[in-house]
Structure formats: structure tokens, C-alpha cells
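Here's the structure we're looking at; comments come further down.
The values are calculated or read from the model by the stated rules, or taken from the named source; none is laboratory data. The structure presented is a predicted model; accordingly, all values stated were derived computationally and were not measured. Note: ideal-geometry Cβ built from the backbone for every residue, glycine included; neighbour counts use all protein chains shown.
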């Protein structure tokens, strides 16, 4: 379990650092051709993506994804996903150093709640579930297709709450991704044929980019706070519940109430952090690039 927890922490650190580095890269490029409120020029976008900071951020995103995969396979999802979602904590703390942002007392309290809750979750977590039916491999793929299809059909027609729904959809897709990673066959032991015939692999291929797409839509259509908060809820609650109910993730004997309270506290704390103006500052700084 220790390796899985360390992998999740590493993923959170990598994702959080990547966001700040990408924002730093975007801020370092002047776009004198764009007026207030106008979209950045293609030239400035390319220039931002070619900065050392932005490239380093993209590399950290990839490394963080690998850590996320390891965590999803080795520890209960109700522990792995809240730890990974704590990347927002890393983002806001680093933003105070790199981007000279200021955190409010509420932000610091929320960060403390997240840290304490995750420590308690770590003590409360039991073994990760390994038993599941084959239908789940198809279910995650179908879920990814349906969420993406509904999002593409409904979101362009919505006049309000787009950021919340798109952010929540992106979070659920990341949750589906975590479930698919857990059940994916052909990794241990490695079997290429089994890997490529598993529907869960194609769920991962759809859910990963799909989640980033939905979150990007959320950032473009509404407040960063609403998009980030709904993303946290989707990527933690859904896989956490599926992990316990379907996959058989367990809690240590006598630690059930602690696990429930700590999980709820971790999610609420992460949502409060997501609503911090500092998160908005980081995300808006990265809007001169296709990813945030």
C-alpha cells in the first residue's frame, strides 16, 4: 500500500507543479496583438508552449498520469482519488511562491483540512478490491462514450451552468479512467494481446482526453471556481463509491466512520481550495494555451 500512496502523492505533486509551470510559461509571453478580453493569437500560443516552463509542465503532467495509474491499481480508489485531487493544494501553495499569489485564511484552513483528512484516510484504508465481473470492462467504455456524447450534444445548447456540468462531466470521466485503470487486464503479467482486447483500455483512451476536453470547456464557459470544484466532486466521489460497492475496496476494521468523515472532509476541503481566487489566477494565466 505504501507504494500506491507514494505514487498518488507524486501524481498530486506533479499535476500541481505542472499547472503552475504552464501558467508561468503563458505569463512569460506577451501578446501585444490581443486586446482586453480577446483570445490570444496563434503566435503567442505557440510561443507559450515552447517555453521551458510550459514544456516542463507538460512532462510533469505525463509523469503524474503514470503515478495516478499506479495509485489506482495499488490502493483503494476512495484514498487514491482524493490524494490526486489534492494537486490543487500543491498548485495554490506553489502559486504563492512562483506567481506571488496571496492565500486567504480560508484557503489555509481548507489546505489543513485536506492534509489531515488524507492522513486519516491513509490510516483507515484497507486493501484494494481485485474481484469484479467482466461486464465492468464494457461498462466503463460505454460510460465514457455516453458522457462524451451527451456532453457534445447538450453543452453547446445550454445557456447557464455550463461550467458546472462540463466540470462535473470531466471529473466523472477522470473517475471512469481510474476505475478502468484498476480493472485493466494485460499489465500484470504483461500480455499485449490481452491488453489490446480489453475494452477498459479504450475507455482509458477516451476518458483521459475527454476529461481534459470537458474541463477546458468548463474553463472557457464559466468561472474557474465552479469548473474546478465540480471537477473535484466528479473525480473523487464517483470512483470512490464504485471502488467500495463494485470493486471491493475495504476499510480497516473499526475505521469505517473515520473513513467516511475523512473522505467527506477531503472532498469538501478540495472544493474550497478549488474555489480559491488563486486557482482562478493560475488557470486564467494558462488561457493563452490550449491546456490549463
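Summary of computed values
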read-out: Qualifying residue in segment 218-231 (condition: farther than 16 Å from residue 151 by Cβ, under 12 Å from the mean Cα position of the chain (by Cα) and touching a residue at least 60 places away in the same chain (Cβ under 8 Å)); value: yes
read-out: Positions within segment 173-198 being part of a helix (DSSP H, G or I) and surrounded by 20 or more Cβ atoms within 10 Å (Cβ to Cβ), in sequence order; value: 173, 174, 175, 176, 177, 178, 179, 180, 181, 182, 183
read-out: Qualifying position, being surrounded by fewer than 17 Cβ atoms within 10 Å (Cβ to Cβ), in the same structural domain as residue 279 (by TED's automatic domain parsing) and either in a helix (DSSP H, G or I) or modelled with pLDDT of 90 or more (or both), among 112, 57, 25; value: 112
read-out: Meets criteria (closer than 21 Å to residue 268 by Cα and either in a loop (DSSP other than H, G, I, E, B) or at pLDDT 90 or above (or both)) for residue 103; value: yes
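Rundown of residues vs (1) modelled with pLDDT under 85; (2) in contact with a helix residue (DSSP H, G or I) (Cβ under 6 Å, 6 or more places away or on another chain), yes/no style:
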position	(1), (2)
138	no, yes
146	no, no
150	no, no
157	yes, no
164	no, yes
169	no, yes
202	no, yes
206	no, yes
226	yes, yes
